[in-house]
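Here the structure is laid out as structure tokens; the discussion comes afterwards.
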Amino acid sequence: MIKKYINPIFPHLLHGGDYNPDQWQDRPDILAEDMRLMRLANCNAMSVGIFAWAALEPKEGRFDFTFLDKAIDDIYKAGGRVVLATPSGARPAWLSMKYPEVLRTNADGSRNTHGMRHNHCYTSPIYRKKVFEINRRIAERYKDHPALLVWHISNEYGGRCYCENCKAAFRNWLKEKYGTLDALNKDWWTAFWAHTYTDWSQIDPPMDHGERYTNGLDLDWRRFVTYQTTDFMKEEIRAVKEITPNVPVTTNMMGFYNGLDYRVLARELDVIANDIYPKWRGTKEDIDTAIDTAFTHDLCRTMRHQPFMLMECTPSHVNWHEYNKLKRPGAHELSALQTIAHGGDTVQYFQFRKSRGAGEQFHGAVVDHEGSENTRVFKEVAALGARMKQLDAVVGTKTVARVAILHDWSNQWALDAAQGFQNKNKRLRATQLQFYKAFWQRGINVDVICPEDDLTAYDLVIAPMLYSVSNAQGQKLAAYVAKGGTLVCTYGTAMVDETTLAHLGGWPGAGLRKVFGIWNEELDTLYPDDFNTVTGDIGEYKTIDYCELIHAEGAEVLATYESDFYAGRPAATVNTYGKGKAYYIAFRDTGDFTDAMMEDLIHELGITSDFDGELPHGVTAHSRTDGESVFVFLQNFNSHAVTVPTAKQWATAEGGISVSGTIPLKPYETVILKKQNIF
Ligand code: GLA
Ligand code: ZN
């Protein structure tokens with residue numbers, strides 16, 4: 001199995017963080033101290049230049065690289081490497097003043113004044129030109145520097161602009177997509193409320209004080225925002241790639257951020273990077289936080305099926321949660337190693353040294369205002385770094401998953417736009433997590449895929465609330481089942497197509513009615529204090545939120561409703577289609593039905609964890625492999641100690657100590673186990 005390194009010139013786990021020497025140019029003593037502290041913290045990678053545009057180009061066309069030259073040289077001399085950013089995440093004031101078109105326009109037509117960050121117009125030709133120029137200069141300057149490891153393109157792309165340039169670009173994008181207004185009017189169903197467009201110029205983005213109920217417009221606008229942001233990013237990438245073709249590029253994403261379809265951005269990147277700030281509390285809620293965080297890591301790994309970067313996390317606390325609680329002792333190591341367990345090859349922080357002033361002065365960092373290596377946080381970071389140094393064998397290894405859960409941004413957007421069901425929050429993410437939890441608790445690896453991915457690699461594909469399904473996607477799902485796959489879908493499946501038009505001829509549409517052998521006639525949305533009960537061989541369970549009234553048309557009924565006017569009607573079914581099986585769950589449960597059903601499927605399909613022992617509550621085991629050895633990260637997310645049984649003989653990945661019988665885990669402890677010659 002070929003290992004996939006972030007950059008093969010440095011085949012180690014990266015440990016480090018955002019580092020802002022531009023803020024400390026009048027304190028050479030502190031900058032020198034930073035290098036000593038970097039080494040002591042066992043850090044080997046610093047992310048520099050992220051918000052440094054004003055320092056690098058203090059006046060238009062006047063460049064000054066002095067501070068960055070020194071920082072990169074010093075980091076290299078201290079044994080580190082550099083993740084080098086393009087500075088487009090924040091503009092210098094002169095740029096906003098001279099070229100106001102770079103400032104973002106809000107939906108109400110008001111234009112921002114200069115300030116904050118992440119608020120540029122991605123269409124503005126001037127902004128694109130200026131960003132290209134500064135990127136190009138940075139690339140020219142450091143192209144041969146041995147410290148340069150990865151390009152960090154911009155910072156957390158996001159948001160949308162409603163200026164005339166953006167609106168014109170949106171209309172052009174629509175023209176490309178639809179060709180004629182007639183086609184657009186049909187797909188958006190604009191005859192409704194006399195919204196038919198007779199000229200392209202009449203089309204505006206959806207806005208609170210304008211159009212809100214044309215679902216197709218809503219979906220296309222979001223797709224356009226992704227397209228335009230990606231187009232901007234591609235220009236940024238071109239500026240550096242033409243100079244340094246061998247240096248990998250990434251941009252830092254924000255997990256399941258709903259504003260962009262990250263899979264579209266992912267195609268342009270060499271490696272995925274993510275920023276994540278889970279609310280670790282030191283309470284039993286940490287188990288849910290761990291599950292949610294693991295699901296996000298799995299998305300990041302699956303987007304390119306290779307190790308990803310954790311570009312930002314905090315070693316202690318943030319400054320923007322409602323309650324900025326400290327990570328309890330040990331929780332940082334646990335959460336960092338969780339990233340590696342799920343396929344991450346870096347643990348990087350926001351930030352290395354705290355900014356002395358402004359908005360993030362009280363955000364956690366490796367080095368506090370006190371300035372020494374004697375803080376609790378620094379010591380924990382240094383200990384983690386020492387551990388990470390022992391893990392070279394894990395770098396570049398693969399995660400093998402036989403189970404996939406589907407998350408598709410377009411589907412999420414279509415659900416968001418839909419008027420009906422539970423309007424406030426249809427809870428797609430919670431539903432996905434309910435399924436994911438069943439596998440997390442049993443230490444089973446899961447990929448997070450979209451309908452366009454190769455499904456044949458999986459024995460089990462779960463597609464919760466896959467509301468928007470195109471005919472092509474429907475055919476693909478059908479072919480997957482026909483060839484022997486097992487597919488699980490839920491209430492709300494294939495109600496609309498990719499333009500949000502309802503599928504005609506009975507749900508699930510897109511050809512899936514025959515795959516599931518059911519017809520979903522109606523969907524009942526329950527009030528919060530309503531419930532029904534379902535029973536079957538699998539047991540008796542409570543339903544909440546949604547109950548669909550389905551008919552079995554060839555499917556075997558696994559459970560039926562107990563009460564209300566649909567008592568006795570099917571609530572869960574399975575259909576044999578070709579060589580595979582398609583399960584349909586017509587109701588939402590509180591979690592225990594999902595768990596019981598997944599347990600049955602895991603047994604039936606012979607899906608196993610790479611760890612053999614029974615995992616106590618709050619303990620999990622995720623694995624990576626190089627094709628010869630498997631590395632199992634046994635992790636205790638409880639604030640109490642546990643013991644875990646195993647019948648196998650393991651070695652620890654660090655130190656090679658042999659382990660068998662029972663494995664004791666302290667609160668928040670991770671033991672990394674290794675087994676050789678597994679294939
Ligand atoms: C984001 C940004 C960082 C910093 C952190 C604070 O992830 O990218 O610049 O503001 O949040 O948590
Ligand atoms: Zn704009």
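Throughout, read-outs are computed from the coordinates displayed, never taken from laboratory work. Note that the structure is predicted; figures quoted are calculated from it, not measured. Every residue, glycine among them, receives a Cβ derived from its backbone with ideal geometry; neighbour counts consider all protein chains shown.
Which of the residues spanning segment 535-582 are under 17 Å from I518 (Cα atoms), among the acidic types (D, E) and within 34 Å of the chain's Cα centre (by Cα)?
E548
Scan segment 312-338 for residues that are in contact (Cβ under 8 Å) with a residue 60 or more places away in the chain and either among the β-branched types (V, I, T) or not in a loop (DSSP other than H, G, I, E, B) (or both) and report the count.
Total meeting the criteria: 6.
Quick check on my filter: what residues within segment 149-173 are among the hydrophobic types (A, V, I, L, M, F, W, C) and either in a loop (DSSP other than H, G, I, E, B) or within 16 Å of ligand 2 (Cβ to nearest atom) (or both)? Write out each step before concluding.
From segment 149-173, those among the hydrophobic types (A, V, I, L, M, F, W, C) are 149-151, 153, 161, 163, 166, 168-170, 173; that's our starting set.
Answer for segment 149-173, where residues must be among the hydrophobic types (A, V, I, L, M, F, W, C) and either in a loop (DSSP other than H, G, I, E, B) or within 16 Å of ligand 2 (Cβ to nearest atom) (or both): I153, C161, C163, C166, A168, A169, F170, W173.
Looking only at segment 372-381, decide whether some residue is without any contact (Cβ under 8 Å) to a residue 12 or more places away in the chain and either among the β-branched types (V, I, T) or within 16 Å of ligand 2 (Cβ to nearest atom) (or both).
The answer is yes, given that some residue of segment 372-381 is without any contact (Cβ under 8 Å) to a residue 12 or more places away in the chain and either among the β-branched types (V, I, T) or within 16 Å of ligand 2 (Cβ to nearest atom) (or both).
State whether the residues of segment 15-26 include one that is of a type in the set (F, W, Y) and either within 16 Å of ligand 2 (Cβ to nearest atom) or more than 30 Å from E164 (Cβ to Cβ) (or both). Write out each step before concluding.
Step one: list which residues in segment 15-26 are of a type in the set (F, W, Y), which gives 19, 24.
From the residues that got through so far, the ones that are either within 16 Å of ligand 2 (Cβ to nearest atom) or more than 30 Å from E164 (Cβ to Cβ) (or both) too are 19, 24.
Looking for residues that are of a type in the set (F, W, Y) and either within 16 Å of ligand 2 (Cβ to nearest atom) or more than 30 Å from E164 (Cβ to Cβ) (or both), one finds at least one in segment 15-26, hence yes.
Got a sec? Which of G492, G505 is outside any strand (DSSP E or B), surrounded by 22 or more Cβ atoms within 10 Å (Cβ to Cβ) and of a type outside the set (F, W, Y)? Walk me through it before giving the result.
Details: G505 fails: surrounded by 22 or more Cβ atoms within 10 Å (Cβ to Cβ).
On inspection, the qualifying residue turns out to be G492.
Evaluate segment 377-385: report whether one residue or more is of a type in the set (G, A, S), away from ligand 1 (no atom under 16 Å from the Cβ) and surrounded by fewer than 22 Cβ atoms within 10 Å (Cβ to Cβ).
Of segment 377-385, the ones of a type in the set (G, A, S) are 382-383, 385.
So of that shortlist, the ones also away from ligand 1 (no atom under 16 Å from the Cβ) come out as 382-383, 385.
If we keep only those that are surrounded by fewer than 22 Cβ atoms within 10 Å (Cβ to Cβ) as well, we get 382-383.
For segment 377-385, residues of a type in the set (G, A, S), away from ligand 1 (no atom under 16 Å from the Cβ) and surrounded by fewer than 22 Cβ atoms within 10 Å (Cβ to Cβ): present.
Show me the helices (runs of 4 or more DSSP H) found entirely inside segment 8-105 where at least 1 residues are more than 30 Å from R376 (Cα to Cα). Walk me through it before giving the result.
Working: elements: 28-40, 53-56, 66-77, 93-98.
In segment 8-105, 53-56, 66-77, 93-98 are the helices (runs of 4 or more DSSP H) which contain 1 or more residues that are more than 30 Å from R376 (Cα to Cα).
Only one residue in S96, S110 is free of Cβ contacts under 8 Å to residues at least 24 places away in the same chain, small (G, A, S), within 15 Å of ligand 2 (Cβ to nearest atom) and touching a helix residue (DSSP H, G or I) at 6+ places or on another chain (Cβ under 8 Å), so which one is that?
Selected residue: S96, the only one of S96, S110 that is free of Cβ contacts under 8 Å to residues at least 24 places away in the same chain, small (G, A, S), within 15 Å of ligand 2 (Cβ to nearest atom) and touching a helix residue (DSSP H, G or I) at 6+ places or on another chain (Cβ under 8 Å).
Working carefully through the options V102, V83, find the one that is within 16 Å of ligand 1 (Cβ to nearest atom) and of a type in the set (A, V, I, L, M). Step through it out loud before you land on a result.
Values: V102 fails: within 16 Å of ligand 1 (Cβ to nearest atom).
From the options V102, V83, the qualifying one is V83.
Here are some conditions: (1) more than 16 Å from Y157 (Cβ to Cβ); (2) in contact (Cβ under 8 Å) with a residue 40 or more places away in the chain; (3) more than 18 Å from the chain's Cα centre (by Cα). K279 meets all but one. Which one does it not meet?
All conditions pass for K279, except number (3).
So which of N172, N165, N119 is farther than 25 Å from K241 by Cβ and within 16 Å of ligand 1 (Cβ to nearest atom)? Explain how you work it out, then say what you get.
Numbers: N172 fails: within 16 Å of ligand 1 (Cβ to nearest atom); N165 fails: within 16 Å of ligand 1 (Cβ to nearest atom).
Residue meeting the stated conditions: N119.
Consider segment 240-250. How many of its residues are in contact with an Asp or Glu (Cβ under 8 Å, 6 or more places away or on another chain) and buried (at least 22 other Cβ atoms within 10 Å of the Cβ)? If you could, list the steps in order and put the result at the bottom.
Our first condition is that a residue be in contact with an Asp or Glu (Cβ under 8 Å, 6 or more places away or on another chain); within segment 240-250, this holds for 243, 248-250.
Checking the rest, the ones that are also buried (at least 22 other Cβ atoms within 10 Å of the Cβ) come to 250.
Counting residues in segment 240-250 that are in contact with an Asp or Glu (Cβ under 8 Å, 6 or more places away or on another chain) and buried (at least 22 other Cβ atoms within 10 Å of the Cβ) gives 1.
Regarding segment 194-202, can at least one residue be identified that is surrounded by 18 or more Cβ atoms within 10 Å (Cβ to Cβ) and of a type outside the set (K, R)?
Among the residues of segment 194-202, not one is surrounded by 18 or more Cβ atoms within 10 Å (Cβ to Cβ) and of a type outside the set (K, R), which makes the answer no.
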